[in-house]
Amino acid sequence: MRQQKEEIIAIYPKTETGFVGDPMSYFDGENFQIYYLEDLRDGQIGFHPFSLIKTNDFYHYENIGEVLPFVNEVDSPERALGTGSVIRDERGLYHAFYTGHNDELTPKEIILHATSKDGEKWQKFPEEGFFASNNYEKNDFRDPYVFWNDEKQQYWMLITTRANGIGVIAKYTSADLTNWQDEGIFFQNDLGNDANLECPSLVYFEGKWILAFSDQWNQRVVHYRWAESSQGPFEKSVDLGQDALDGAGFYAGRLVSDADHLYVVGWIPTKEQHDDRFGYNWAGNLAVHELQLSNENVKVALPTSINTKNFVEKLPELTLSEGESYTFDEVSQVVIQGNIELKDENSKIILELSDGNTILLDFAAQSMSYYNTSVDHFEKSRPLSQNSLNINGKVPLKIVKEEAIVVVYCGDKALSNRIYKSKNQPITLKVIQGSVTFSGEL
């Protein structure tokens, strides 16, 4: 087992050894302990051990390294580790519940348990593992999310699975974290497709129960729902029915709270062959959004705990009309922020990040989209990633760039992207329709 502690300073961290997949965060009262499936891409038989990084501000991280290994054997139920969760019981003992995955076995997925005194050195209990009951699809049974439900005075485990040909989240309950009872379907896919609802999480925050899950196919985005009770019913946002926290460049986002703040922790994927011409694949860099509740709507923002004063740049004070542009100096890390005021509600702005990589802010269509094609080919192309907007008039805008990652916060929405060619290129703001006034004051 590899274990090498080091400091990482980054908004979107990864280690030198691998890529970040499916974060599983636990707040211990001081630090966020972020376990994740490490994608080593090293050709071993097994894959995806649990590794751990810790932070208290989502910028300075302590990399602990691998803490829970897979079993590097062809016929092991733990040939690959799948997503799970970590909690600490009333005695201070850590519990990890995770998925064992092996495509060569039937069933190929099992829920497993391990414990630890310090959250770093773990003892596995394979004899406590359990498969899906007859109510669910046995080969789709994973991503256990375990928490203490104070409202019901019991432990809950939410599991990604399928029932009657559609993705569902199952609920299991326990009094002792050892014996689990199937309580039936907790939430059923309401997206209009039959996709699995991956990496579920449920958090009580500011008087609301917030449920998050990731759409495994079709849109490939993180959705949220809210309810007054942990039992539901869980409903979509009142914000014109828009329920995506980000686009397809941010996945497997799990909720975590320190009681004062709510975050969603996911990853920004790499691309096939590490080439901007191709689509996103699995795992990449850790990414964190802070979520702020307003009625039943959710605002997605860069965590306020990240001190950006050393690399912040304000939007220029100017008005640009169709065809006019402004270019920022080339830097590897920058947060560009300010306001945009629409003189024309049908205005369109593009962020030119490199040749053939552009983000479109389309206020007529109320959307923002990332295209890995030139502007001339927008009409004939599908965006690689997209999210809705619901704004008019004066709008806060924040552009976060770190190496090859570019995240845009516009209004209450986010759009995360990996754009390799942007790493050594300046950012250009260009108005392609209408007229827009920029200002540096938020």
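The values are calculated or read from the model by the stated rules, or taken from the named source; none is laboratory data. Everything numeric here is computed off the predicted structure, so don't read it as measured data. Heads up, the Cβs are rebuilt from the backbone with ideal geometry, glycines too, and the neighbour counts pull from every protein chain shown. In case anyone asks, the SASA skips ligands and DNA or RNA and just uses the protein heavy atoms, side chains included. Shrake-Rupley method; radii C 1.70, N 1.55, O 1.52, S 1.80 Å.
Quick notes on this one:
- Test for ASN417: is it of a type outside the set (A, V, I, L, M), closer than 27 Å to LEU293 by Cβ, open to solvent by less than 50 Å² (accessible area, probe 1.4 Å) and under 23 Å from the mean Cα position of the chain (by Cα): yes
- Considering segment 102-137, the residues that are assigned to a loop (DSSP other than H, G, I, E, B) and aromatic (Phe, Trp, Tyr) include one that is farthest from the chain's Cα centre (by Cα), namely PHE125.
- Scanning segment 373-419 for residues that are modelled with pLDDT of 95 or more and small (Gly, Ala, Ser) yields SER385, ALA404, ALA414, SER416.
- Of ASN63, ASN72, all but one fail to be open to solvent by less than 40 Å² (accessible area, probe 1.4 Å) and of a type outside the set (A, V, I, L, M); the exception is ASN63.
- Segment 343-382: number of residues that are on the phi < 0 side of the Ramachandran plot, outside any strand (DSSP E or B), touching a residue at least 40 places away in the same chain (Cβ under 8 Å) and not charged (D, E, K, R): 6
- With respect to the conditions (1) within 22 Å of the chain's Cα centre (by Cα); (2) in contact (Cβ under 8 Å) with a residue 24 or more places away in the chain; (3) not in a loop (DSSP other than H, G, I, E, B), GLN337 falls short on a single one, namely (1).
- Annotation: of all residues in segment 28-53 being open to solvent by 40 Å² or more (accessible area, probe 1.4 Å) and in contact with a strand residue (DSSP E or B) (Cβ under 6 Å, 6 or more places away or on another chain), the one that is nearest to ASP89 (Cα to Cα) is ASN31.
- Filtering TRP226, TRP217 for residues that are closer than 19 Å to ILE159 by Cβ, out of contact with any helix residue (DSSP H, G or I) (no Cβ under 7 Å at 6 or more places or on another chain) and open to solvent by 10 Å² or more (accessible area, probe 1.4 Å) leaves a single hit, TRP217.
- Applying the criterion of at least 1 residues that are at pLDDT below 95 to the strands (runs of 3 or more DSSP E) found wholly in segment 1-65 leaves 6-9.
- Unique residue being open to solvent by 50 Å² or more (accessible area, probe 1.4 Å) and in a strand (DSSP E or B) when the list is GLU290, GLU313: GLU313
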